[in-house]
Amino acid sequence: MRRLVRIVVGAVLLVWVTAAALAAGNGPDMRIGIREGQGSVSVVGTQDVGVYRQEKLWKKVKANTPVQIQISGSELTVNGAKTAGPISVRPLQKDGLVKVTDGYSYRGYLEMMKSPASSGMTVVNVVPLEYYLYGVVGKEMSPSWSLEALKAQSVAARTYAVSHRNYFKSRGFDMTDDTRSQVYGGVNAEAPSIIQAVNATSGEILTHKGKPIEAIFSASAGGWTENSENVWGTALPYLRGVVDKSDKMPSYSWSVSTTPEKLASNLQAAGKGVGTVKSISLSPLAKRPIAATDRGVSGRVLNMTVIGSKGKVNVTGNAFQSILGLKSTLFDFYSGQGTPPDPDQDKPARKPVFSVKPRQAFTIYGFGWGHGLGMSQYGAYQMAREHPNDKDYYRKILAHYYTDTKLERLY
């Protein structure tokens, strides 16, 4: 599931692709950084491969024969022969693959270079966008899920890739293969359902006023998505809080139990000690959308105040989530018996100041998993399951989660 780290929003530019890429139908080549700071790497091809230097064929190597690339200082060696970099290993047949012997197999080809921003060697998979998505979508969403949900994920992932080309240019590639960009597993992450979903949406991206959007997504929004300014500080017109129908999905709700003493210890360890915890000042989680100044529209905590025997401390929702290891900032406190209240069905069960008693456990309960911006993956899955006969329902899923956007074909 998606666990996206913070990025700089608002720097989205339309990417112009070459006529050759458009003609091929597989989109522009993407440069995915799969290794950095390496001293050596061993690569094999499923069929014969060519070793290229400076974009020219240098050597041919038989299938399943390792090509060992090492770096010493700024020089590369290929099976012991010194050469100027960068070096690339490319299949000589159309359907050939390249494999890092201690890792995944890849479409496209692998390029090795001296790491521009660090010591050692960087390994980059250069792969057409559509083939890149084959290895992304199945890492971000289960291949067993409904086709329309997988199609929605394909469009979101493609849009994200287009808007983040050159994002890591100073390091020699466009994106990483982990949660700093999108999780990418090469051929190992492919599945028939994923390929079908990607192919069915080939070239489609989401735009706002003619530009690709920041197609952010998270595992579960917990009933309501959030406005972008309440998470990353920048208001984007297409990342608005909307209803998230994921109540029948895993990770919709969660809870943890703690005591005032444990909370005081956690706060102290984080440099926010207040002595003995007495109470917490925070608007109760209520029916969404919410207008309270200390919560976002979805109910996610923006800030709260913990009052103790040695004073009080203001804590942001993000900080409290980190300190307690919570799944999201969409949480509240409960000290009653039974199940905590449902914010959209029940009345709040507490006052704006939540008081605690020494050595008496209380519950932190919450909803969702992740930042809650953009598409909720479990929400998309539930929507698709509830509309099994709606043709191209992925379009409605995308329109729901990404406000005022347009689905356009880039190539």
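No lab work stands behind these numbers, since they all come straight from the coordinates. On a predicted model such as this, the values are computed, not experimentally measured, just so you know. Heads up, the Cβs are rebuilt from the backbone with ideal geometry, glycines too, and the neighbour counts pull from every protein chain shown.
Quick notes
- Cleavage-rule hits, trypsin sites (Lys or Arg not before Pro), the range 24-87, DSSP coil, Cβ neighbours within 10 Å at most 11: Lys62
- Net charge of the neighbourhood of Pro91, taken over other residues with C-beta under 11 Å away and scored Lys/Arg +1, Asp/Glu -1, is +2.
- The peptide list 217-226, 346-355, put in order of mean Cβ contacts within 10 Å with the highest first, becomes 217-226, 346-355.
- Distance between the modelled labels on Ala270 and Asp95, one decimal in nanometres: 5.4 nm (7 Å Cα→Cβ projection).
- Straight-line cross-link reach from Lys262 at under 27 Å between alpha-carbon atoms covers these lysines, not counting any fewer than eight positions away in the same chain: Lys272, Lys278, Lys310, Lys312, Lys327, Lys351, Lys357.
- Whether the range 138-239 is rounded, prolate or oblate, judged on the alpha carbon gyration tensor where a/c under 1.5 counts as rounded: oblate
- For the chain, averaging the sequence separation of C-alpha pairs within contact (under 8 Å, six or more residues apart) and dividing by the residue count gives a relative contact order of 17 percent.
- Simple spin-label estimate for Thr305 and Ser355 gives 1.7 nm between the two label positions (7 Å along the Cα-to-Cβ direction from each Cα).
- Cα shape, the range 362-404, gyration tensor, a/c 1.5 rule: oblate
- Calculated [θ] (222 nm, deg cm²/dmol) that DSSP helices of n ≥ 4 give over the chain, each run adding -39,500 (n - 2.57): -5500 deg cm²/dmol
- Annotation: extensible slack from Asp346 through Ala292 equals 17.7 nm (criterion: 0.36 nm per residue apart, minus Cα-Cα distance).
- Taking Cβ atoms as reference points and 12 Å as the exclusive limit, the residues near Leu239 contribute a net charge of -3, counting Lys and Arg as +1 and Asp and Glu as -1.
- Across Gly325, Gly368, Gly103, mean-square fluctuation computed from a Gaussian network of the chain (C-alpha pairs under 10 Å connected) peaks at Gly325.
- Net +/- balance of residues flanking Glu408 in space, Cβ distance below 14 Å, scoring K and R +1, D and E -1: +4
- FRET efficiency for the pair Ile323 and Asp178, taken as 1/(1 + (r/R0)^6) with r the Cβ-Cβ distance and R0 = 25 Å, rounds to 0.55.
- Proximal aspartates and glutamates to Lys60, defined as alpha-carbon separation beneath 19 angstrom and excluding residues fewer than eight positions away on the same chain: Asp48, Asp95, Glu111
- For the range 253-367, a/c is not less than 1.5, where a ≥ b ≥ c are the root eigenvalues of the C-alpha gyration tensor, and a/b tops b/c. That puts it in the prolate class.
- Of the beta bridges in the range 30-201, as assigned by DSSP with both residues counted there, near 95 percent are antiparallel.
- Inter-part distance where the range 298-318 and the range 34-83 are each reduced to a Cα centre, Å: 54 Å
- At full extension, Lys406 and Asn64 could sit 118.6 nm farther apart than now, given 0.36 nm per residue minus the alpha carbon distance.
- Positive-end extreme of charge dipole, the range 253-367 - chosen from Val274, Thr259, Pro352 (charges on Cβ): Val274
- C-alpha long axis of helix 377-386 to longest principal axis of the chain, angle in °: 90 degrees
- The charge dipole of the chain, taken about its Cα centre with unit charges on the Cβ of Lys, Arg, Asp and Glu (plus for the first two, minus for the last two), comes to roughly 720 debye.
- Once the Cα atoms are used to define both axes, helix 260-269 deviates from the longest principal axis of the chain by about 40 degrees.
- At R0 = 22 Å, FRET efficiency that the Cβ-Cβ distance of Thr339 and Asp247 yields, to 0.05: 0.95
- Extreme residue, positive dipole direction of the range 30-201, given options Ser40, Tyr160, Gly185 (C-beta unit charges): Ser40
- Distance between the pseudo-spin-label points of Lys312 and Glu229 (7 Å out from Cα toward the beta carbon): 2.6 nm.
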